[in-house]
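A short worksheet on the structure shown next.
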Amino acid sequence: MLHHGRWVEPVIGRNHGRVWAPPGCMLYQYKPSHIRSCLWNRSVSIRGDDTAHQLFQALLTSVDVSEVDSQWDSPGENITLLTNGSRMSSVWDEFLNSKQNLDMKPPDSVRAHTHSPALEVYRDHVEVSMNSAGLVALERSNRPRLDYVTDYEIDRRIPPFNGVKSLEVYSIMIDDWPSAWRHDNMSIVHEILSTQAEVLFNILCGNAVDRASNESRAYCCTTQEQPTLFLKILIWAGSCAAMCLALLPVSLWTNLSRSHSLGFLSPSACLRIFAPLATLWFAAIYCYVADRTVYFEKNPKVVDMGMFLVLIATALVAGLFTLKSAHPQETACREPNAAINVPLAMFLSRPQTEEWKGWMQIVILLYHHFGMSKLLWVYQFVRLLVASYLFMTGYGHTMYFLTLNDFSLRRVINVTLRTNLLNVLLAFVMGTQYDLYYFPALSTVWFLIIWITIPRVTSADLGILRGTAHILASAATVSIIIAHSHVVQGWLARIDSLGLHMVKIDPPEFLFRFRLDAYVVFAGMLAALVCSSYRYDGTRGHAISLFRNLVMMRLLLSVSVSVIVLYGVFCSKFTDKYSYNRWHPFLSPWPVMAYAILRNSTGRMRACHSRLFAWFGRCSLETFVLQYHIWLAADSRGLLRLGLANKLLHTYHVKWSFWLDLVDFSILTAAFLSVSNSTARAVSSLTRIFLRDDIEAAGIGPRPGNESLSTTLAKKSNKSGLRARVFAVLIALWVLNVASYFLE
């Protein structure tokens with residue numbers, strides 16, 4: 001970091017948005033409070049000419065000094081500032097030829113900027129010497145004995161360097177920045193000065209970085225946290241088990257399958273069990289190696305509107321080229337009078353919702369990759385996409401319950417296990433909180449709310465009025481909970497203080513995300529209720545059809561287009577995301593429902609879908625979770641890179657080019673999508689395996705008599721086998737939580 005680095009800038013529109021990227025790591029963005037804590041009992045001097053004086057002013061801005069003396073803007077004078085237990089000095093030495101030694105003691109006549117007494121002795125002194133000729137050096141002197149310092153400060157680790165270091169990056173920053181000097185040719189542009197200050201603070205304050213950031217090993221000059229004992233045991237045990245299972249010969253599996261204990265398993269069944277287990281474990285280890293070791297480089301994000309739009313347009317064109325229309329035989333019901341058989345070309349069919357999830361996931365991935373949350377209109381659009389996903393969650397689960405009347409334990413376990421298996425595993429392997437990957441947790445909570453809300457009757461027995469009353473009552477309950485969210489936070493904090501070692505979450509953050517889309521799920525539930533009622537009411541299913549009645553269709557299309565236009569106009573009136581967030585829960589259901597109506601406005605549009613987007617949709621949950629570690633880096637705060645550009649720059653002195661980063665990006669993206677797709681199949685397989693006994697006992701297929709499939713599934717799910725497995729899994733998760741706490 002002291003000798004190399006480069007400016008990373010947008011590929012399209014390079015006049016703004018440059019970010020300094022040290023080789024292989026990222027600069028940590030310190031807050032003023034962190035900087036003040038880091039500089040306590042330390043002395044920092046900036047020696048040199050006007051460039052050094054400008055750096056001194058940038059340091060004061062970073063520390064957030066509230067009062068500024070007028071003399072600080074006048075170069076040529078020495079300035080000493082005592083603030084918050086630290087000393088910051090600007091020494092005018094134009095030619096860097098002063099023989100003055102480093103002074104560890106503050107002058108007696110100077111008092112602190114915050115009107116607190118100066119310290120007796122500073123524990124170390126750091127001096128930066130620089131001038132316009134490009135001479136930059138960093139010198140440090142440590143005190144072997146510390147006076148007037150607490151035990152805590154003595155125990156704090158000091159970055160391991162002494163003597164003089166060359167800060168070549170300061171000159172590189174100026175040389176590689178177009179028009180680095182302002183119009184007077186005496187002042188450096190603010191962006192360079194603030195970055196130089198960040199580099200200095202990263203050198204001095206590596207011990208002030210929080211533990212989670214240290215564990216990611218993504219930030220420069222931080223103390224490298226070693227894996228906990230629990231994590232070492234977990235990775236070692238899991239890897240050994242996976243290798244042993246993979247290396248066991250087929251003949252041994254045959255002998256085991258013939259034994260009394262494994263008589264129910266054939267060699268092919270063993271393969272079907274352990275192949276997805278190995279796939280899931282490989283994905284977790286890949287995440288750990290990519291985001292918790294130094295084998296991969298981590299780069300900062302760069303806001304690049306041009307590339308963001310170009311890649312979205314490219315994905316759109318590719319999606320249009322893979323459009324597929326349903327054939328007549330695919331849309332026909334296998335049993336026309338059976339309520340459980342749903343035609344493909346229905347409103348929001350399965351391929352259509354997969355397509356919707358797919359193109360939304362592509363936009364969300366690019367949104368995270370290019371850090372587009374800084375642009376308000378993009379943020380608003382992506383928030384609408386998240387709301388659309390939750391709308392489909394409400395619609396899909398409600399339609400399932402109304403169609404099959406299956407509220408069994410098996411259904412609950414099927415959904416919750418399929419949704420949470422990957423992120424729970426990563427929470428243990430990566431040492432993160434369960435709700436870091438917030439969408440699985442959010443989807444699970446909303447599924448349970450839907451499961452509680454829908455009455456235990458079929459759509460034929462549930463009228464629209466009764467169903468609407470249940471949904472509105474549930475929405476009112478959720479509104480009350482949101483209005484008293486501070487009470488919920490208090491309960492969660494009280495439970496955590498009991499030391500039960502339950503799942504750790506961040507209550508304020510989770511409740512914030514829950515509140516953002518509090519009502520769009522209920523809109524999806526209402527849409528499912530209406531569609532289910534009109535589809536299966538044989539007396540009026542053809543007379544009053546939402547899409548066969550020409551007048552109603554035209555009215556709905558006009559209203560839908562108007563809603564989308566009005567939503568866009570209304571969103572343009574907001575000036576920041578915080579004011580928009582207050583309105584989003586009430587605004588989001590309308591454009592989402594309008595899009596759903598437009599997407600299903602004709603039979604041809606309902607019957608066609610994009611195979612590319614549908615493929616993305618089938619693994620959208622896995623891509624959302626895995627992006628945090630194998631596409632992005634540092635738990636999504638940076639970008640993962642192979643480091644091709646830096647390797648060529650240092651080895652062959654090849655200058656960075658767009659094509660090197662494009663190759664880097666393409667390789668990691670291909671690996672990311674491949675792992676995500678394999679993981680999605682593995683999670684689905686493991687979920688079916690977990691429920692395998694009940695599925696086999698249920699014997700899905702035609703049954704004689706009047707007993708429905710949903711009744712059979714409900715009865716079979718009450719067997720003690722499934723409950724015992726669920727109980728065993730919960731106990732195992734609790735034991736792992738306890739072990740992770742005591743084996744840190």
Exercise. Would you give the gap between the C-alpha center of region 396-464 and the C-alpha center of region 478-531, rounded to a whole Å?
Key: 14 Å
Self-check item: Förster radius 45 Å - calculated FRET efficiency between Arg688 and Phe381 (Cβ-Cβ, nearest 0.05)
Solution: 0.80
Quiz item: Which entries in Lys31/Lys374; Lys357/Lys577; Lys374/Lys577 show an alpha-carbon gap greater than 20 Å?
Solution: Lys357/Lys577
Quiz item: Measuring from label point to label point, each 7 Å out along Cα→Cβ, what is the Ala670 to His3 span in nm?
Solution: 3.4 nm
Practice problem: Based on other C-beta atoms within 10 Å, arrange Ser43, Ser720 from fewest to most. | Solution: Ser720, Ser43
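Which order, highest average first, do 412-419, 476-483, 50-57 follow once you tally other Cβ atoms within 10 Å for each residue and take the mean per peptide? Before the final figure, lay out the partial values.
Numbers: 412-419: 18.8, 476-483: 13.1, 50-57: 22.5.
Peptide ranking by packing, descending: 50-57, 412-419, 476-483.
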Quiz item: Sequence-distant or interchain residues sharing an amide H contact under 5 Å with Asp506, placed H: which?
Solution: Asp435
Quiz item: So how do 577-583, 515-521 stack up, highest first, on mean other-Cβ count within 10 Å?
Solution: 515-521, 577-583
Quiz item: How many nm separate the modelled label positions at Phe274 and Leu598, each set 7 Å beyond the Cα in the direction of the Cβ?
Solution: 5.3 nm
Quiz prompt | Arg582-Leu323 pseudo-label distance in nm [points 7 Å out on the Cα-to-Cβ vector] | solution = 4.3 nm
Practice problem: Jot down the radius of gyration and Dmax of region 267-643, Cα atoms only, both in angstrom. | Solution: 21.7, 67
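For Val561 and Leu448, what does the FRET efficiency come to when R0 = 41 Å and r is the distance between their Cβ atoms, rounded to the nearest 0.05? Walk me through the numbers before you get to the answer.
On the way: r = 36 Å, r/R0 = 0.87.
It comes out at approximately 0.70.
Read the figures in this text as sums done on the coordinates, not as results from a lab. All values reported here derive from a predicted model rather than from experimental measurement. Neighbour counts are summed over all protein chains in view; Cβ atoms, including those assigned to glycine, are modelled from backbone coordinates with ideal geometry.
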